[in-house]
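The values are calculated or read from the model by the stated rules, or taken from the named source; none is laboratory data. Note that the structure is predicted; figures quoted are calculated from it, not measured. Because the Cβ atoms are built from the backbone with ideal geometry, glycine has one as well, and the counts that use them run over all protein chains shown.
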Amino acid sequence: MTSKFQTISIAAALAASLGLAGCATTSTPAGTPMSGMHGSSGPMSGMMPDADDDHNQADIMFAQMMIPHHAQAVEMSDILLAKQGIPADVTALATKIKAAQAPEIKTMQGWLEAWNQPTGMMNGTNAPGHAMGGMVDAAGIDRLKSAQGTDAVRQFLEEMIGHHEGAIDMANQEIRAGKYPATIQLCRDIVASQSTEITEMRALLAKL
């Protein structure tokens, strides 16, 4: 890979928000409330209020962390689209990623507003154990900005593959632990669409 990815899993943040006991069972059907959700004494219980009946803490944490995750994918796509001499199939992919994820950011912001929750990252979620999987560090973004031609294409594809893999991990965590039906459906859509895009990006890389 040409840039350093944050490799700590979103699982740690969700485990903290739910309490370790609440996350122990992986067979809970999507949309089913997790036991111990209200009044949890887990590590995150002092950081955010109990969720309402239609959603839980996993839904809140997912939206708050996926918003900046999506925002970086849009940023990376914009960086590539501003360059000259990029193959049409790669610019088409970047355009598709931006077109999908920008509206999803607004959707997740709307959920958080409806839940009376902050729409940005919560205090403490940047601490060790709470990083978002697949995020590209500042040096990696700078390298993408300065790269040109084939180097820019390779950098974008390699970084975006890791970025997508992180998003899929986050979405799968939410599918298992979340409660809000629309959020869980969004996660299923993310897993399907971004898995397809990973396959497409790997094929594009193989052509370089």
Seminar exercise, completed: Picking from ILE184, ILE161, the residue that is within 15 Å of LYS96 (Cα to Cα) and out of contact with any Cys (no Cβ under 9 Å at 6 or more places or on another chain) would be ILE161
Problem set entry | Selection status of MET108, at pLDDT 95 or above, more than 22 Å from LEU80 (Cβ to Cβ) and among the hydrophobic types (A, V, I, L, M, F, W, C) | yes
Exercise. Given ILE79, ILE86, which one is part of a helix (DSSP H, G or I) and modelled with pLDDT of 95 or more?
Worked result: ILE79
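With ALA177, ALA167, ALA203 as the choices, which residue is surrounded by fewer than 17 Cβ atoms within 10 Å (Cβ to Cβ) and either in contact (Cβ under 8 Å) with a residue 60 or more places away in the chain or of a type in the set (A, V, I, L, M) (or both)?
Values: ALA177 fails: surrounded by fewer than 17 Cβ atoms within 10 Å (Cβ to Cβ); ALA167 fails: surrounded by fewer than 17 Cβ atoms within 10 Å (Cβ to Cβ).
Of the residues listed, the single one that is surrounded by fewer than 17 Cβ atoms within 10 Å (Cβ to Cβ) and either in contact (Cβ under 8 Å) with a residue 60 or more places away in the chain or of a type in the set (A, V, I, L, M) (or both) is ALA203.
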Exercise. For the subset of region 71-122 comprising residues that are acidic (Asp, Glu) and closer than 26 Å to GLU200 by Cα, which member is surrounded by the most Cβ atoms within 10 Å (Cβ to Cβ)?
Worked result: GLU104
Exercise. Modelled with pLDDT of 95 or more, exposed (fewer than 13 other Cβ atoms within 10 Å of the Cβ) and either closer than 17 Å to ASP59 by Cα or not hydroxyl-bearing (Ser, Thr, Tyr) (or both), is that true of GLY140?
Worked result: no
For this session: Could you grab the pairs with beta carbons closer than 7 Å, sequence gap of 6+ or different chains, first residue in region 82-107 and farther than 15 Å from ILE190 by Cα, second one at pLDDT 95 or above and of a type in the set (Gly, Ala, Ser)?
Result: LYS83/ALA152; GLY85/GLY149; ILE86/ALA152; ALA94/SER77
